[in-house]
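Participant: Following this message is one structure expressed as structure tokens.
The values are calculated or read from the model by the stated rules, or taken from the named source; none is laboratory data. All values derive from a computational prediction rather than experimental measurement. Neighbour counts run over all protein chains shown; Cβ positions are idealised from the backbone, glycine included.
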Amino acid sequence: MRFGLFRSSREAAPQPDAIERVKRWASATPGIAAGSAFTVNEIVCTDPSCPGTETVILVMEPGQKTRACKLAKALAEVTEQEVREALVP
């Protein structure tokens, strides 16, 4: 049985190139402060109220609180437009 954010050994971890691609899209999003940092993770939630697999982008802008933007899909399926829409406050 799986719980929370843990993957089974049969599930592949997100590819580093997909993580870097989403970070590039995030940093190029209009309105994001220069010097911002991003963390991108794919999580799997087994709670019935969760969408299952989510991509979470943490946005760390200078002088601001860190914020989390979530996309209800696997990292490999995320598009540039979805990243831009998720990051607009």
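Participant: Which members of the stretch 51-87 meet the condition of being among the basic types (Lys, Arg) and under 15 Å from VAL22 (Cβ atoms)?
Facilitator: Matches in the stretch 51-87: LYS70, LYS73, ARG84.
Participant: Evaluate the stretch 34-56: report whether one residue or more is outside any strand (DSSP E or B) and modelled with pLDDT of 95 or more.
Facilitator: Yes, the stretch 34-56 has at least one match.
Participant: Also, I was wondering about something else. Pairs needed: first member in the stretch 69-89, charged (D, E, K, R); second member anywhere, not in a helix (DSSP H, G or I); C-beta distance under 6 Å; at least 6 residues apart or different chains.
Facilitator: From residues that are charged (D, E, K, R), the pairs are LYS70/GLU54; LYS70/VAL56; GLU82/LEU71; ARG84/THR29.
Participant: Taking LYS73, is it within 10 Å of the chain's Cα centre (by Cα) and part of a loop (DSSP other than H, G, I, E, B)?
Facilitator: yes
Participant: For the stretch 62-89, which positions are surrounded by 14 or more Cβ atoms within 10 Å (Cβ to Cβ) and touching a strand residue (DSSP E or B) at 6+ places or on another chain (Cβ under 8 Å)?
Facilitator: Selection gives CYS69, LEU71, LYS73, ALA74, LEU75, VAL78, GLU82, VAL83, ALA86, LEU87.
Participant: Within the bounds of the stretch 5-24, is there any residue that is at pLDDT 90 or above, under 10 Å from the mean Cα position of the chain (by Cα) and surrounded by fewer than 16 Cβ atoms within 10 Å (Cβ to Cβ)?
Facilitator: No, the stretch 5-24 contains no residue that is at pLDDT 90 or above, under 10 Å from the mean Cα position of the chain (by Cα) and surrounded by fewer than 16 Cβ atoms within 10 Å (Cβ to Cβ).
Participant: Test CYS50 against the criterion of being surrounded by fewer than 17 Cβ atoms within 10 Å (Cβ to Cβ), over 13 Å from the mean Cα position of the chain (by Cα) and in contact (Cβ under 8 Å) with a residue 12 or more places away in the chain, and give yes or no.
Facilitator: Against the criterion (surrounded by fewer than 17 Cβ atoms within 10 Å (Cβ to Cβ), over 13 Å from the mean Cα position of the chain (by Cα) and in contact (Cβ under 8 Å) with a residue 12 or more places away in the chain), CYS50 does not qualify.
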